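Take a look at the structure below.
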Amino acid sequence: MANAPTGVAQQKFDAWSDGATENRLKSIYESAEYSPRRFSPEWWSNSEGYSVDERDAQSRKVVKAHYRAQTGARVDSPPVRKVSRARSRISPDGSHQIEYIEGNLFVKNRATEQQIQLTNRQSGRDIGFREPRWSLDGKLISFIESDQTDVRKRSMLIPSDPSYPGVREQRFARVGEDIGSLRVGIVDRSGQNLQWLPIETPEEGYYLGMVEWAGSTNELLIERLSRARDKREFFLASTDGKMKRVFVESDPAWVVASQARNSGLEWIRDGKEFIVISEKDGWRHAYLYNREGKEIALLTPGEYDIIERSTVDESGGWYYFYASPKNGTERYLYRVPLDGTGTLERMTPKDQPGTHTYKFSPNRKYAFHTYSSFDKPPIVELVDISNHRTIKTLEKHSQLHKRAASVISRPTDFIQLDIGNDITMDAWMIKPRQFDEAKKYPVFIYVYGEPHAQTVLNEWGAGQSHFLRVVADLGYLVVSIDNRGTPAPKGAAWRRSVFGSLGPISTEDQVKGLRELGRSRSYVDLSRVGIWGWSGGGSNTLNALFRNPKDYHVGIAVVPKPQPHLYNAWFQEIYMGTRESNRAGYQQSAPINFAEGLQGKLLIVTGSGETNTHIQIIEGLIDRLILLGKKFDYMVYPNRNHGLREGAGTLVHVRMLIIRYLLENLTPGPR
């Protein structure tokens, strides 16, 4: 231990050792006391009402309750069928159903039970079929064939017999190696006339996005993505195999990132036009095209990003989406006219800062509105979209709000950190319960910092906040910072700035943000700084300790990827290409190449059952640290995967390990 605890610090150790901290973690991860109760209402197809599961007050049995949308009043039964929540495998006329039997696609006549085989898996090849879709007339079925035969396998131990474990092999497409090959087929429901569409296949392969029947016709829409995701195309394929390209875009970095928020399109006006999301002008915007591929209008002009599409109200003439033009940590509902006039209108009330989601009725006049913020659990309302009038509060989560009030002693600080060169980063800070601004406190940073996710979101439960409030109450300033390259709605230049090498820019931004915190806030003790992260955040933790050892004193890297060239092709190649095409980028990205810089305390945590950042990626770093004579700690959870959640008690144990390591190596409390 770095320093023996005394005074306040000793009290923190007592809180950890007497069971109070563990009990609080169990309430988070085992009894889910800080998670909102699931609320899943279903709209009636005529939008006049909805149905939802409720527990009867007398019998305590779960019953289906029905309500009117206009008033929120309960009724005995719904007058019409509910809207289906899943894509149906049943034909439009209800007569036939798609089934899987031993990996092949079949169609069953629902009246006669007769089954007709549609596909025939080739012997000796690892072939699967996915995403079967009925044509609108119910006569044809489209599907995707995925052939993984050429994707190399990696072996993993199966914990069967302790002395003689078995071996399981799993397909794993590593950076630069073979990926699966894809084909799109169309077959009639009698099993005849199977046709493979003539999609051009480059040697390196490609990926598929949206594959669906196009609007109200029997043409099939196919979204093809280049292996590097720097180009995407939409094709319309007719049933005779002819293909016509209706949209194409490319970018030197990428056009569709791992979150796939730009992917797909929406048909309107009976399939005559479509809406597609693109970042071609530097912002994530919605564009209107006709079916021939001619651009009609930019629907969302302005220097702001669409965070995510919501819905289209054709009868009212509106396109709904989520955005937050002035704050990258929040999410609100907006709309613009479908006529292309571009008049932006915010639908979410301005007195509700935070994160909002809407589940619209089929006629787009009503919605189930869920609202939360970092410090306030969600509330669910039934609202009239035209004026956002609350018709009825559907779920108050009253007990959850009481629990939240008991552990949140002060509002979380949302901060903007100006690190120069016109770069301003969002951050939050959770302070200890007995915080005294006149004293100095150690800092514990939670980092992700890669393009797949933000941690700084004004939303209940975001950024591992339930766990990190426990840490803060042990005497730490807990901070998270979103550096450049995270998927914040701050423009394409912000997100694509890291292209070519994940690691250098995030490491630079994070340490500058830390120093700015220390400069601007006298209570920040820069002589006591810890950092931790999961997955990509584990990699950024390693980079922080290795590249800036004078700034970070303790690091906890959970399931990191210290050798990114050994990671999976699907994710890593979006942002860095292959090692052959970008050797310098991979060299600069890999924490293993900077391990000689380690000076502080380091704990690496992984699972031996990892299928994502598999353990061999990490063991290379372990060998490197041993060769360098570096002191570090290493914990392997047997047979656990990337989330380290398998096995009773694991979720709590991982967090207790993190807390114990922090307390032992970074003295908590004020000075």
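The values are calculated or read from the model by the stated rules, or taken from the named source; none is laboratory data. Quick caveat, the model's predicted, so the values are computed rather than measured. Counting neighbours? That spans all protein chains shown, and the Cβs are built from the backbone with ideal geometry, glycine included. These area figures cover heavy atoms from the full protein model, side chains too; ligands, DNA and RNA do not enter into them. Shrake-Rupley method; radii C 1.70, N 1.55, O 1.52, S 1.80 Å.
With a ≥ b ≥ c taken as the square roots of the eigenvalues of the C-alpha gyration tensor of the range 87-167, please select rounded if a/c is under 1.5 and otherwise prolate if a/b is larger than b/c or oblate if it is not? Prolate shape, in that a/c is at least 1.5 and a/b is the bigger ratio. Each peptide in 62-73, 256-267 receives the mean, over its residues, of other Cβ atoms within 10 Å, and ordering these scores from highest gives 256-267, 62-73. Modelled spin-label separation between Arg121 and Asp339, with each label point placed 7 Å from Cα along the Cα-to-Cβ direction: 5.5 nm. Under the combined filter of DSSP loop state and at most 15 neighbouring Cβ atoms within 10 Å, the range 62-145 retains these GluC sites (Glu not before Pro): Glu102, Glu113. Ranked by the mean number of other Cβ atoms within 10 Å per residue, highest first, peptides 374-380, 236-242 order as 374-380, 236-242.
Under 5 Å from the amide H of Val559 lie the amide H atoms of Ser535, Val605, Thr606, each residue being 5 or more positions distant or on a separate chain, with H modelled from the backbone and absent for Pro and chain starts. Of all DSSP-defined beta bridges confined to the chain, some 85% are antiparallel rather than parallel.
Largest accessible area first, the residues His401, His614 order themselves as His401, His614 under a 1.4 Å probe with ligands, DNA and RNA left out.
Just for the range 408-542, what percent of DSSP beta bridges are antiparallel, to the closest 5? Restricted to the range 408-542, the bridges split so that about 55 percent are antiparallel. To make sure I understand the rule: partners must be aspartates and glutamates, Cα under 16 Å from the Cα of Lys61, and not fewer than 8 residues away in the same chain. Which ones qualify? Answer for Lys61, where 16 Å is the Cα cut-off: Asp53, listed by chain and number. With Cα atoms defining each centre, the range 378-396 and the range 601-671 are spaced 44 Å apart in the structure. Pairs spanning more than 21 Å between alpha-carbon atoms, out of Lys272/Lys359; Lys242/Lys280; Lys244/Lys294: Lys272/Lys359; Lys242/Lys280. Ligands, DNA and RNA left out, the accessible area of the chain computed with a 1.4 Å probe is 46% carbon and sulfur. Considering helices alone, the calculated mean residue ellipticity of the chain at 222 nm is -5000 deg cm²/dmol, with DSSP H runs of length four and up weighted by -39500 (n - 2.57) and normalised per residue. Identify, among Ile222, Asn46, Leu208, the residue whose Cα sits farthest towards the positive end of the charge dipole of the chain, taking +1 on the Cβ of Lys and Arg and -1 on the Cβ of Asp and Glu, with the dipole about the Cα centre. Selected residue: Asn46. Distance from the alpha carbon centroid of the range 401-454 to that of the range 191-213 works out to 47 angstrom.
Straight-line reach from Lys402: taking Cα to Cα under 16 Å and skipping same-chain neighbours fewer than 8 places apart, the lysines in range are Lys376.
So for the chain, taking the charge dipole from beta-carbon charges (+1 Lys/Arg, -1 Asp/Glu), which of Val636, Ser155, Asn582 sits furthest toward the positive end? About the Cα centre, the residue reaching furthest to the positive side is Val636.
Only one residue of Ile385, Ala557, Ser59 has its Cα farthest out toward the positive end of the dipole of the chain, where Lys and Arg carry +1 and Asp and Glu -1 on Cβ, and that residue is Ser59.
Couplings 3J(HN,Hα) for the range 362-374, derived from phi with the Karplus relation 6.51 cos²θ - 1.76 cosθ + 1.60 (θ = phi - 60°), are x, 8, 6, 8, 10, 7, 8, 10, 10, 9, 8, 9, 4 Hz, where x marks Gly and Pro. Accessible surface calculations at 1.4 Å, restricted to protein heavy atoms, place the chain at 44 Å² per residue.
Phi-derived couplings, Karplus 6.51 cos²θ - 1.76 cosθ + 1.60 at θ = phi - 60°, listed residue by residue for the range 311-318: 7, 10, 10, 5, 5, x, x, 10 Hz, with x used for Gly and Pro.
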